[in-house]
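Since the structure comes first, as structure tokens, the remarks are kept for the end.
The values are calculated or read from the model by the stated rules, or taken from the named source; none is laboratory data. Note that this is a predicted model, so its numbers are computed, not measured. Quick reminder, even Gly has a Cβ in these numbers, built from the backbone with ideal geometry, and neighbours come from all protein chains shown.
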There are 2 protein chains.
Amino acid sequence: MFHKLTKTVEVNNFWCKESQIHIIWSCIQSHAGLLNLCIVVLIAVNSRLIIENLMKYGLLIGSGFWSSSTSVRDWPLLMCCLSLPIFPLAAFLVEKMAQKKYMTEHVVVTLHIIITTASILYPVLVILRCDSAFLSGVTLMMFACIVWMKLVSYAHTNYDMRQLAKSVNEGENSEINYSYNVSFESLAYFMVAPTLCYQLSYPRSASIRKGWLARQLIKLVIFTGLMGFIIEQYINPIVRSSQHPFEGNLLYAIERVLKLSVPILYVWLCMFYSLFHLWLNILAEVLRFGDREFYKDWWNAKTIDEYWRLWNMPVHKWMVRHIYFPCLRNGIPKGVAMVISFFISAVFHELCIAVPCRLFKFWAFLGIMFQIPLVILTNFLQNKFKNSNVGNMTFWCFFCIVGQPMCVLLYYHDVMNRNGSSS
Amino acid sequence: MFHKLTKTVEVNNFWCKESQIHIIWSCIQSHAGLLNLCIVVLIAVNSRLIIENLMKYGLLIGSGFWSSSTSVRDWPLLMCCLSLPIFPLAAFLVEKMAQKKYMTEHVVVTLHIIITTASILYPVLVILRCDSAFLSGVTLMMFACIVWMKLVSYAHTNYDMRQLAKSVNEGENSEINYSYNVSFESLAYFMVAPTLCYQLSYPRSASIRKGWLARQLIKLVIFTGLMGFIIEQYINPIVRSSQHPFEGNLLYAIERVLKLSVPILYVWLCMFYSLFHLWLNILAEVLRFGDREFYKDWWNAKTIDEYWRLWNMPVHKWMVRHIYFPCLRNGIPKGVAMVISFFISAVFHELCIAVPCRLFKFWAFLGIMFQIPLVILTNFLQNKFKNSNVGNMTFWCFFCIVGQPMCVLLYYHDVMNRNGSSS
């Protein structure tokens, strides 16, 4: 009897699942055509805009975009970039001496602060002294920021290991002599590996897949080229022909921002794909680096908060390891720790954009700090409309319509105004 | 043992279904964000085009679109429309006399041919004589075509019933005296009902839902208004500012067709929704007409063939009942019967568009006849790429990019050229 009953429940459950499949499936099926229509309309609209742009401007490629980035003006920046390995070398010497206890802990911390600060200030000074192209400047600043984050992680992890060794060795059973290793190889591998968090060793893959590597390299070239093409052909003409977003007609400003939003979105997606998917995987494959989680599915993010935790895993992991958790351990509340994380992010965004532009108006800084109210707003919306598309839709609206085009217009116009007044 | 085995199979099957749900679901989930992005980009692009149009042209509504359709010029057309009920009355008298056997079968058929031909020729002549607005002309021609199809169906069905009565009564058991009924009420109901196939009686709904009716009427007003707005504000300026599609620069022509395709698609969707969903349902509700299958899910059509069978059910049912099946019954192959159906459709499309334009260049006729190679092509594609989106994508491309904007441009330019040469 009992057996029969459980069987009936099971079969009912089965039919329940069966009908559920049918409901989900029929729901997808009945909308499949309309989704295809959306895609066809998107293709039609984009093709028309491409043709309109071609008829209006012709082919714009080949003017001075690619050549300027390799011109003589940018020579000092390349030199600066090549001399950046001095800082990890200095950090290594400091750590070696700290391991051998030639210095007190305070001296070690002070030396690391000097080294990391220098690794950021040196490129900033080089860029501000030279009249370099914007793209070269941004690239150098990105390298400098990566070096800075890696050095902070290196110093922090070694500090933690020293503390651990001290507490273990000071313990009663002194036969377990905990010692940590400061090797040049592990630092060198860490400096080139696609991660920002220092560990003595990483999971490694067995071999390098050469065919796969070649395919990814070809894709990288194609998508980087596409990105450059969209910037030269679509974004530059729109930005040049538009007014300052906070001046003049509001309707006109909205039209410009909306017109910019689509090519900027495409550039962003190309950038994300070629940097985070292609480049970091290529680097990891060459170095046989095992941990390939460079991004999660940020495109499904339901809140701004979730987006920042998903899109850039190396930086997110660094933030959690070296900012957020140390803050919590020192008794700082979660909200304040989040504000501190966004503050540091904002400072580095500002550095990466303002220095190559030679323009300190804090748009990038304010843009990142503005994420904090957005996080609160989108979390509120997500709590209110659970299991709906509202959160993800809001995210995409802020992401591709309001955020990026506004920043591009603000920076472009301030750069143009400064150039106009100086000439 | 056997019992245990079937149970295991069942549970395995259950887990199989379970994992299938998870695969389908995770597939939807992992793309949900990207679909939302598509929708956000579509909204952004459309909003920008609306703002651009507003800045370029301002509000265009109120010029002469709505007033011209009620001007004195269109008076004869309204009179003609009101006098159309003469033809069903004549058909009723013919049928009544045929039922009472006052006329031979040949005379009945000849009289019906005369009546149906007159019901089309009379409005055509009225429109060609008067200098009416295009919209009034199209409306009158649509009414005339509906009356023609209804009369053909009425004559055909009554003919079939007479043949049936004759064969039954000539049979051996003469006690079953089959007689058919020719009532004025059933013809009158048929003439106003939202169907084109005559039956002695139809399934009827129990009552009229007044609240529902009011809501549908409000929606009808809103969507008809929206349709007019899109035509006046978006389609007219584009058409006016564009060249003939077959003359001049090819790239320019493609740009114009793509630019037209989006607003024309929106107008078509509004037209479909207000005419086939709202208006026919309102009419059916008022008449308590039970059969509400006015359209099927044509948006999921995988071939052009399927589209024509799904989008307009009244005409499709009429075609099948009065053209396709009679052709098959007379030994005509399926392919030829299909060509005949498309030919009749093409003639009526040409009549409905060319007569109000007073321009006989056979674009509409060729447009419909061109569906036959498209049917063959899309059927071939669908057979080749089963279970994929290729069929539906191809359908949407032809439907909204190539088909309708081309026709609009061709007719507009020929009308303009004729007006230009005559003035």
Worksheet item: Does residue A:264 qualify as being within 21 Å of the chain's Cα centre (by Cα) and away from chain B (no Cβ under 14 Å)?
Response: no
Worksheet item: Taking only pairs six or more apart or across chains, which ones have beta-carbon atoms under 6 Å, a first residue in region A:388-403 that is at the interface with chain B (Cβ under 8 Å from one of its Cβ atoms), and a second residue that is in a helix (DSSP H, G or I) and among the small types (Gly, Ala, Ser)?
Response: A:392/B:33; A:400/A:261; A:401/A:261; A:401/B:44
Practice prompt. Go through (1) assigned to a helix (DSSP H, G or I); (2) under 12 Å from the mean Cα position of the chain (by Cα) and name the single condition residue A:335 misses.
Written response: (2)
Worksheet item: So residue B:105 fits all but one of (1) surrounded by fewer than 18 Cβ atoms within 10 Å (Cβ to Cβ); (2) within 30 Å of residue B:364 (Cβ to Cβ); (3) over 20 Å from the mean Cα position of the chain (by Cα); what number is the exception?
Response: (2)
Worksheet item: What do you reckon, is residue B:275 free of Cβ contacts under 8 Å to residues at least 12 places away in the same chain and within 30 Å of residue B:214 (Cα to Cα)?
Response: yes
Worksheet, complete the sentence: Of (1) out of contact with any Pro (no Cβ under 6 Å at 6 or more places or on another chain); (2) within 11 Å of chain B (Cβ to nearest Cβ); (3) in contact (Cβ under 8 Å) with a residue 12 or more places away in the chain, residue A:314 fails just (2)
Response to the item:
Within region A:279-304, residues being of a type in the set (Asp, Glu) and under 15 Å from residue A:196 (Cβ atoms) number 2
Response to the item:
With the first residue restricted to region A:114-131 and required to be within 22 Å of residue A:73 (Cα to Cα), and the second required to be among the basic types (Lys, Arg), Cβ contacts under 6 Å at 6 or more apart or on different chains are A:131/A:73
Worksheet item: Name the residues in region B:362-392 that are assigned to a loop (DSSP other than H, G, I, E, B) and surrounded by 15 or more Cβ atoms within 10 Å (Cβ to Cβ), would you?
Response: B:370, B:389
Worksheet, complete the sentence: Exactly one of B:262, B:286 is surrounded by 16 or more Cβ atoms within 10 Å (Cβ to Cβ) and in contact (Cβ under 8 Å) with a residue 40 or more places away in the chain, and that residue is B:262
Worksheet item: What helices (runs of 4 or more DSSP H) lie completely within region B:199-298 and have 3 or more residues being of a type in the set (D, E, K, R)?
Response: B:210-230, B:250-272
Item to complete: Give the residues of region B:179-192 that are part of a loop (DSSP other than H, G, I, E, B) and surrounded by 19 or more Cβ atoms within 10 Å (Cβ to Cβ), sorted by residue number.
Response: B:182
Discussion item. Need the failing condition index for residue B:136 against (1) crowded, with 21+ Cβ neighbours inside 10 Å; (2) closer than 16 Å to residue B:92 by Cα, just the number.
Written reply: (2)
Worksheet item: Does residue A:157 meet the test of being of a type outside the set (A, V, I, L, M, F, W, C), modelled with pLDDT of 90 or more and part of a loop (DSSP other than H, G, I, E, B)?
Response: no
Practice prompt. Only residues that are under 25 Å from residue A:194 (Cα atoms) and either β-branched (Val, Ile, Thr) or surrounded by fewer than 16 Cβ atoms within 10 Å (Cβ to Cβ) (or both): list them for region A:317-345, please.
Written response: A:320, A:323, A:325, A:326, A:340, A:343, A:344
Item to complete: Give the residues of region A:190-223 that are within 22 Å of the chain's Cα centre (by Cα) and over 26 Å from residue A:273 (Cβ atoms), sorted by residue number.
Response: A:198, A:199
Item to complete: Name every residue in region A:301-311 that is more than 12 Å from the chain's Cα centre (by Cα) and either within 12 Å of another protein chain (Cβ to nearest Cβ) or over 24 Å from residue A:396 (Cβ atoms) (or both), in order of residue number.
Response: A:301, A:302, A:306
Discussion item. Go through region B:317-339 and report how many residues are among the β-branched types (Val, Ile, Thr) and touching a residue at least 12 places away in the same chain (Cβ under 8 Å).
Written reply: 2
Worksheet item: Out of all the residues in region B:290-316, which are acidic (Asp, Glu) and surrounded by fewer than 19 Cβ atoms within 10 Å (Cβ to Cβ)?
Response: B:291, B:293, B:297
Discussion item. Going by what's in this entry, would residue B:416 be described as closer than 21 Å to residue B:236 by Cα, part of a helix (DSSP H, G or I) and within 14 Å of chain A (Cβ to nearest Cβ)?
Written reply: no
Practice prompt. Mind listing whichever residues of region B:115-129 are of a type in the set (Gly, Ala, Ser) and surrounded by fewer than 20 Cβ atoms within 10 Å (Cβ to Cβ)?
Written response: B:118
Worksheet item: Any chance region B:306-316 includes a residue that's part of a helix (DSSP H, G or I) and charged (D, E, K, R)?
Response: yes
Worksheet, complete the sentence: When region B:82-113 is checked residue by residue, the ones that are without any contact (Cβ under 8 Å) to a residue 12 or more places away in the chain, at negative phi and not polar (S, T, N, Q) are B:82, B:86, B:89, B:93, B:97, B:100, B:102, B:103, B:106, B:107, B:113
Practice prompt. Search region A:236-250 for residues being modelled with pLDDT of 75 or more and surrounded by 12 or more Cβ atoms within 10 Å (Cβ to Cβ), and hand back the single one that is nearest to the other protein chains (Cβ to nearest Cβ).
Written response: A:238
Discussion item. Please go through region B:116-138 and give me each residue that is in a helix (DSSP H, G or I) and touching a Pro at 6+ places or on another chain (Cβ under 9 Å), ordered by number.
Written reply: B:119, B:126, B:127, B:129, B:134, B:135, B:136, B:137, B:138
Discussion item. So the check is Cβ under 8 Å with 6+ separation or different chains; which pairs have a first residue in region A:350-377 that's without any contact (Cβ under 8 Å) to a residue 40 or more places away in the chain and a second one that's outside any helix (DSSP H, G or I) and not aromatic (Phe, Trp, Tyr)?
Written reply: A:354/A:361
Discussion item. Among the residues in region A:76-84, are any farther than 30 Å from residue B:48 by Cα, surrounded by fewer than 14 Cβ atoms within 10 Å (Cβ to Cβ), modelled with pLDDT under 85 and within 27 Å of the chain's Cα centre (by Cα)?
Written reply: no
